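Working notes for the structure below.
The values are calculated or read from the model by the stated rules, or taken from the named source; none is laboratory data. Computed from a predicted model, the values in this text were never measured in an experiment. Because the Cβ atoms are built from the backbone with ideal geometry, glycine has one as well, and the counts that use them run over all protein chains shown.
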Ligand SMILES: C[S@@+](CC[C@H](N)C(=O)[O-])C[C@H]1O[C@@H](n2cnc3c(N)ncnc32)[C@H](O)[C@@H]1O
């Protein structure tokens, strides 16, 4: 029998129980209404700020687990008068199941996610079969997952997981968006270095 007290230290328990309480409170008392676009790992908010300007009618939500980045993004949204985007601090694995109704998540962006190279850390990667099961309930048919990464092996692993899921289908190249998405901070660096970017675009389909 493993000793679970060694895995759930006081910090982790404190962090997640506070976070869960906040998420539940938000879901009950101030729920998001109508379709939403979500970015996981919104960092300093550059992408969401630029994307939200393209469609003022849509509501954009950035989920970012590092406090410092959330604060920087909030400052930037305020400075630029962004009214249709917010960002908050949470682990997306916890936030997405708690915050959204079935079929509410119209599109999800996962842009340059952490690769978690070591095999013992791989379970921290965001694209996992169990997470896709949750997304399948939150996303209506036709909703999109937009993933971009510069890490070829990570792209291969994520593609394998997405291809194996009955509720998601790869978007054919001919249907890729004509207008490019705004560049994230990391993407700007990657392009400057001349490195390749792997897009993985998947549509929610009937199982
Ligand atoms: C490599 S950075 C990329 C940031 C940004 N998307 C870009 O392209 O510039 C990954 C970001 O995702 C955040 N992140 C990683 N896992 C997360 C999770 N489970 N929930 C929320 N944020 C997460 C990290 O804190 C970090 O800001």
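The set of residues in the range 110-124 being in a loop (DSSP other than H, G, I, E, B) and either under 24 Å from residue 37 (Cβ atoms) or in contact (Cβ under 8 Å) with a residue 12 or more places away in the chain (or both) consists of 112, 113, 114, 115. If residue 103 satisfies every condition in (1) under 21 Å from residue 167 (Cβ atoms); (2) over 13 Å from the mean Cα position of the chain (by Cα); (3) within 10 Å of the ligand (Cβ to nearest atom) but one, which is the exception? With respect to (1) under 21 Å from residue 167 (Cβ atoms); (2) over 13 Å from the mean Cα position of the chain (by Cα); (3) within 10 Å of the ligand (Cβ to nearest atom), residue 103 is out only on (3). The condition (being within 17 Å of the chain's Cα centre (by Cα), more than 9 Å from the ligand (Cβ to nearest atom) and either loosely packed, with under 14 Cβ neighbours inside 10 Å or at pLDDT 95 or above (or both)) is satisfied by just one residue among 137, 153: 137. A residue that is within 16 Å of the ligand (Cβ to nearest atom) and more than 21 Å from residue 23 (Cβ to Cβ) cannot be found anywhere in the range 162-170. Taking the listed residues 127, 61, 86, the one that is part of a strand (DSSP E or B) and within 11 Å of the chain's Cα centre (by Cα) is 61, with no other qualifying.
Put simply, of 32, 15 the only residue that is without any contact (Cβ under 8 Å) to a residue 24 or more places away in the chain and either in a loop (DSSP other than H, G, I, E, B) or within 15 Å of the ligand (Cβ to nearest atom) (or both) is 15.
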